[in-house]
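Throughout, read-outs are computed from the coordinates displayed, never taken from laboratory work. Source: prediction; values computed, not measured. With ideal geometry, Cβ positions are generated from the backbone for all residues, glycine too; neighbour counts draw on all protein chains shown.
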Amino acid sequence: MIQSVDRAVRILFALQGARRMTLSELAAELGLAATTVHGIVRTLAAHGVVVQEHGGGRYQLGPAVLRLGNVYLDTLDLRARALTWSHELARTTGLAVRVGVLFGDDVVIIHHEPRPDGSRQMPEVGIEIPSHASALGKAVLAFLPPVDYDNPLRSMTGETITSPEGFREHLRTVAASGLAYECDEAVLGESCVAGAIFDRSGDAVGAVGVVIPTPDWPADDATVEAVRTTARTISRELGSARWPAGRAK
């Protein structure tokens with residue numbers, strides 16, 4: 001591992017989480033000398049990856065990060081294949097649609113199809129949700145090698161599954177159907193049903209799901225079937241011969 005590159009990436013992740021930080025705050029967060037952090041931040045700023053507030057002071061992520069993010073999204077075959085079918089799923093169900101992939105312990109939204117009711121909605125691309133509290137995350141985790149959790153899982157709400165054994169049992173149910181459910185587990189008032197997406201090798205590479213206001217939960221049969229059909233269709237376009245196709249663990 002190249003130390004300077006590792007430190008630069010850690011700075012970017014720190015700014016992602018805190019939004020704005022001073023040099024001293026970054027140094028304390030990373031456990032590095034302020035002079036070391038200053039040199040790296042100056043280099044990142046020269047490339048537009050980091051910018052400093054007017055008048056000096058705190059630093060934040062710069063516009064070059066957005067450019068890199070857009071290039072990443074444009075190169076994702078999963079997202080490209082999901083665009084049309086996500087739009088159709090939103091039109092059919094009248095619900096917002098999310099497509100997500102795993103990133104560490106979270107699921108990252110790589111595509112968001114707003115509710116087709118014309119209401120004002122915040123864009124969600126780039127949002128991270130703890131995978132264990134997300135239907136999207138659980139739909140993928142169910143087809144990955146099991147993780148031995150040393151401690152209870154992070155509680156997002158009173159409905160989050162925090163017991164490691166309870167969560168493993170929950171994933172076994174998800175693996176049996178390819179569909180995952182979430183009711184108030186990440187955000188109160190928000191529920192979701194999601195289906196795993198597989199590629200030609202049989203690996204679960206992401207998931208697609210609809211967001212349902214909890215007062216309207218549980219999802220009706222037509223909505224569940226629409227999610228299943230969409231996940232199956234996207235998987236087929238990625239080369240999967242069957243659905244669910246993953247090697248359930």
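Which order do peptides 9-18, 225-234 fall in by mean Cβ count within 10 Å, highest first?
Working: 9-18: 15.6, 225-234: 22.1.
Taking the mean over residues of other Cβ atoms within 10 Å, the ranking is 225-234, 9-18.
Given the Cα-Cα distance of THR162 and VAL187 and 0.36 nm per residue of separation, how much length would full extension add, in nm? Write out the running numbers ahead of the final one.
On the way: separation 25, 0.36 × 25 = 9.00 nm, distance 1.48 nm.
Using 0.36 nm per residue and subtracting the Cα-Cα distance, I get 7.5 nm.
Estimate the FRET efficiency between SER119 and THR84 by the formula 1/(1 + (r/R0)^6), using the beta-carbon distance for r and 25 Å for R0, to the nearest 0.05.
Details: r = 22 Å, r/R0 = 0.89.
With a Förster radius of 25 Å, E is 0.65.
Taking 7 Å along the Cα-to-C-beta vector as the label spot, tell me the ARG91-ALA64 distance in nanometres, rounded to one decimal.
For ARG91 paired with ALA64, the spin-label model returns 4.1 nm.
On the Cα set of region 70-130, report Rg and Dmax in Å, please.
Computed over the Cα atoms of region 70-130, radius of gyration and Dmax are 11.8, 34 Å.
Given region 118-249, report the % of alpha carbon pairs whose separation exceeds 19 Å.
Numbers: 4225 of 8646 pairs.
For region 118-249, the share of Cα pairs beyond 19 Å comes to 49 percent.
Counting pairs of Cα atoms in region 50-168, how many percent are more than 24 Å apart?
Details: 3061 of 7021 pairs.
Cα-Cα pairs in region 50-168 separated by more than 24 Å: 44 percent.
Over the Cα atoms of region 190-249, what Rg and Dmax result, in angstrom?
Using the Cα atoms of region 190-249, the pair Rg, Dmax is 12.4, 39 Å.
Run the helix sum for the chain: -39,500 (n - 2.57) per DSSP H stretch of 4+ residues, divided by residue count, reported at 222 nm to the nearest 500 deg cm²/dmol. Mind dumping the intermediate values first?
On the way: 8 runs with 105 residues, N = 249.
It comes out at -13500 deg cm²/dmol, rounded to the nearest 500.
How charged is the neighbourhood of VAL107? Take every other residue with its Cβ under 13 Å from the Cβ of VAL107, and add Lys/Arg as +1 and Asp/Glu as -1.
Values: positive: ARG98, LYS138; negative: ASP105, ASP106, GLU124, GLU128, GLU182, GLU185.
Combined, the nearby Lys, Arg, Asp and Glu give -4.
Let me have the relative contact order for the chain, percent, based on Cα pairs under 8 Å that are six or more residues apart.
On the way: 459 pairs, mean separation 38.3, N = 249.
Answer for the chain is 15 percent.
Within 10 Å, count the other beta carbons around each residue, average over each peptide in 114-123, 56-65, 101-110, 130-139, and list them highest first.
Working: 114-123: 10.4, 56-65: 15.2, 101-110: 18.3, 130-139: 27.4.
Descending packing order for the listed peptides: 130-139, 101-110, 56-65, 114-123.
Over the chain, with a Gaussian network built from C-alpha contacts below 10 Å, which listed residue (ASP220, ASP203, ASP184) shows the highest mean-square fluctuation?
ASP220
To one decimal place, what orientation-averaged projected area in nm² is obtained for the convex hull of the Cα set of region 167-217? Mind showing how you got there, number by number?
On the way: hull surface 15.8 nm².
Answer in nm², one decimal: 3.9.
Rounded if a/c is under 1.5, else prolate if a/b is larger than b/c, else oblate: which is region 3-67, with a ≥ b ≥ c the root eigenvalues of its Cα gyration tensor? List each step's numbers first, then the result.
Working: a/c = 1.44, a/b = 1.20, b/c = 1.20.
The shape class here is rounded.
For SER4 and VAL51 in the same chain, what is the full-extension length gain: residue separation times 0.36 nm, less their Cα-Cα distance, in nm? Intermediate results must be reported in sequence, preceding the final value.
Details: separation 47, 0.36 × 47 = 16.92 nm, distance 1.89 nm.
Once the chain is fully extended between SER4 and VAL51, it gains 15.0 nm.
For region 45-85 and region 169-188, write down the distance between their C-alpha centroids in whole Å.
31
Over all alpha-carbon pairs in the chain, figure out the percentage whose distance exceeds 35 Å. Working shown, then result.
Working: 7236 of 30876 pairs.
Result for the distance tail: 23 percent.
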